[in-house]
Amino acid sequence: MTPPPLQEWPLGPLLRPLDRALATWLRERDPHTPDSLLAAAALCAHLEGQGHSCLPLPALHAAPSATLAWPADPALDEQLRDRLPADGAQARDRWRSSPWVSLGDQGSPAAPLVLEGDRLYLRRYWQTECRLAAHLLSRAQADVGEHTLDRPLARQTLAALFPAAPGTDIDWQRVACALALRRRLTVITGGPGTGKTYTAARLLVALHALHTQHPGPTPLRVGLSAPTGKAAARLRESIDQALARLPGGPPVWASALPAARTLHSLLGARPGTRAFRHTAHNPLMLDVLIVDEASMVHLELMTALLDALPARTRLVLLGDKDQLASVEAGAVLADLCAHDAAYDAAHDAAHNTAYDTSTRDWVDELTGCTLPAPGGPALAQQVVALRQSRRFEGAIGQVAQAVNAGNAAATEGALHAPDDTVACLRPRGETDPALDGLATQGRGPHPGYGPYLELLRQGPADKSPAAFDAWGLALLQAFDRFRVLCALREGPWGVSGWNARIEAALAEQGLRVGREAYPGRPVMVTRNDPQLGVFNGDIGLTLKTPDGQLRVVFADCGRLRSVAASRLADAQTAFALTVHKAQGSEFEHVALVLPERDNPVLSRELLYTGITRARKAFTLVAPPGAPLAEAVARRTVRFGGLGERVR
Ligand SMILES: Nc1ncnc2c1ncn2[C@@H]1O[C@H](COP(=O)(O)OP(=O)(O)OP(=O)(O)O)[C@@H](O)[C@H]1O
């Protein structure tokens, strides 16, 4: 049977113009290109737009619309199944003579598509994935500490930093430090409050102690970084707190620690391009780099980071593997921790069980802890999961745990805990006044935006710049006490609807809301602008200065920085944010809004990420029909080959 022309394929309305442009480009250059290849190329680009680095042919064949996250459509499924190759073998057969596809690294390096096994890649993502896997493996395997480390000193330092607690057999924080002393890559994963930053701070103490005994030509050069400005500021704050709590107070070198920077700023992002100033030819001169919120680092950014990091630099990635991955392609942290899935499935007492004998011997020598050692892949030797939360054990932690375990009944149960830290608000509909009440007054003792509005009304203590700065900082703090997070962007239960609702409710209480910038309007920056010094995800407040200008103020390492509101072209109102945009931030009280109907973006990871943004109180807003059970059951899948490459 001759396949129908591409325009008759059931793809049209759901593809982006960009996806179609790729197919058109290929066809124009080679009119003999099989339509199945044109369609597969367009779908591959489409999946990249959804955060996948490849198109898995067997999954697409088994469940086309589900794989593409399109609405269920049995007719479309049947047509796609009939027309596309079922797997890599069929694809190789059908596309053998096309100049557009190379088979792995065989064939033309100019071919824009790469078929590797059952996966079809856009070449750029295939190359990036291969390069990243090579970087990660070589860092995780290179024995550096094993030959050069002063082991008695390391053992003694770790013993002092992590005194054995009675009744605990393995101190995983101590183990994480021991592993970080051994190789040039360590991954420390764990939920909120499991002590990742505490561990990193103590690792810095150990590294300084070892460096002082065996000094190099320069003092220890430390870098602190995170994907967003907010997360970077939190990292530095937590490191400072952890160092201040050391028995002898903060070490002398603590005052010389650099400010934590966003990864884009650390790498020297070139405005308007995807390129960075720091590359393999102009590397970052660091001895150790700590990167927090690593779950938000996408494939290309992680690769750019590793390209720019000399082989001798120790890289420590901190993050929560269960959180949403970045919106861009790749789920690097989750892939690095994928060997841990067995633990997650069984959830038994075993803990970090993928170590081999050599790792076990190393940890035993440095810490005296005896690890279970059933063996595991190379990269797993440098991964530690911390599972004991130190500030997240109450009701919020239980809801998060139930969601993570995929247990809808336990989630419902945990939402009705006897204390008031968690609650589920079930409005009768969009106009239920309880919703406005939640946004303005909060819930019980847990704040809404009321305290922010009150402080805004009070204004600065006097007309001096110092008073304005103090007021601006206090407002930023008050604003950060509460946040509405939505699963969706649009609609009455999405970010746009909630921003409008909150503006209207606050206007009734005295906020002078305007169409564009108005005093009190919180904004989120939506595009990096290094010249203005603002980055995607930064949150600021629009305020009237004593001389009558409208400026957007941001907190910058405890100081106020401001930008004329008229110059901030790419920004949106930020009373409500998507859960994605709130990653890396925490708020005292979080209201997480579900939509009325199921949507493919609703997933376990999205709920977990939303819930774990709450420090003290969490309110789930579940309108009639809200698909809580569906969301808990749905796992975010990221198609890609990184996990396999590093195993
Ligand atoms: N071994 C420990 N002994 C005592 N307190 C600890 C220990 N580990 C962590 N803590 C405390 O637990 C709290 C949470 O630790 P930390 O901030 O390091 O967690 P985290 O995993 O980095 O959290 P988040 O993901 O939210 O940033 C902090 O107050 C920290 O001082």
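The values are calculated or read from the model by the stated rules, or taken from the named source; none is laboratory data. Model, not experiment: these values are computed from the prediction. Cβ: placed from backbone, ideal geometry, glycine included. Neighbour counts: every protein chain shown. Note: areas computed on protein heavy atoms with side chains; ligands, DNA, RNA excluded. Shrake-Rupley method; radii C 1.70, N 1.55, O 1.52, S 1.80 Å.
Some notes on this structure:
- For the range 527-571, alpha-carbon Rg and Dmax in angstrom: 10.2, 28
- Normalised per residue, the accessible area of the chain is 43 Å², obtained with a 1.4 Å probe and no contribution from ligands, DNA or RNA.
- Over 22 Å between alpha carbons, listed pairs 230/321; 321/581; 230/616: none
- Equivalent ellipsoid semi-axes - Cα gyration tensor, the chain, angstrom: 38, 36, 25
- Under a model in which nothing but the beta-carbon of Lys, Arg (+1) and Asp, Glu (-1) is charged, the chain shows a dipole of about 1520 debye around its Cα centre.
- Dipole of the range 13-128, positive end: most advanced residue of 54, 102, 117 [Cβ charges, Cα centre]: 102
- The range 476-564: C-alpha gyration tensor shape, a/c 1.5 cut-off, then a/b vs b/c: oblate
- Counting only protein heavy atoms and using a 1.4 Å probe, the accessible area of residue 298 comes to about 20 Å².
- The Cα atoms of the range 15-79 define a convex hull whose projected area, averaged across directions, is 4.5 nm².
- Annotation: the antiparallel percentage among DSSP beta bridges lying fully within the chain is about 40.
- Cα lying deepest toward the dipole's positive end in the chain, options 504, 460, 569, charges on Cβ: 460
- Gyration tensor (alpha-carbon) shape descriptor, the range 119-221, a/c threshold 1.5: oblate
- Simple label model, 7 Å out from Cα along Cβ direction - residue 110 to residue 526, nm: 3.9
- In the chain, helices alone account for a calculated mean residue ellipticity at 222 nm of -11500 deg cm²/dmol, with every DSSP H run of four or more residues adding -39,500 (n - 2.57).
- For the range 233-347, the gyration tensor built on C-alpha atoms gives an oblate shape. Its axis ratio a/c (a ≥ b ≥ c) is at least 1.5, and a/b is not larger than b/c.
- A probe of 1.4 angstrom, applied to the heavy atoms of all protein chains, finds residue 529 with accessible area near 50 square angstrom.
- Share of carbon and sulfur in the accessible area of the range 450-563 stands at 49%, probe radius 1.4 Å.
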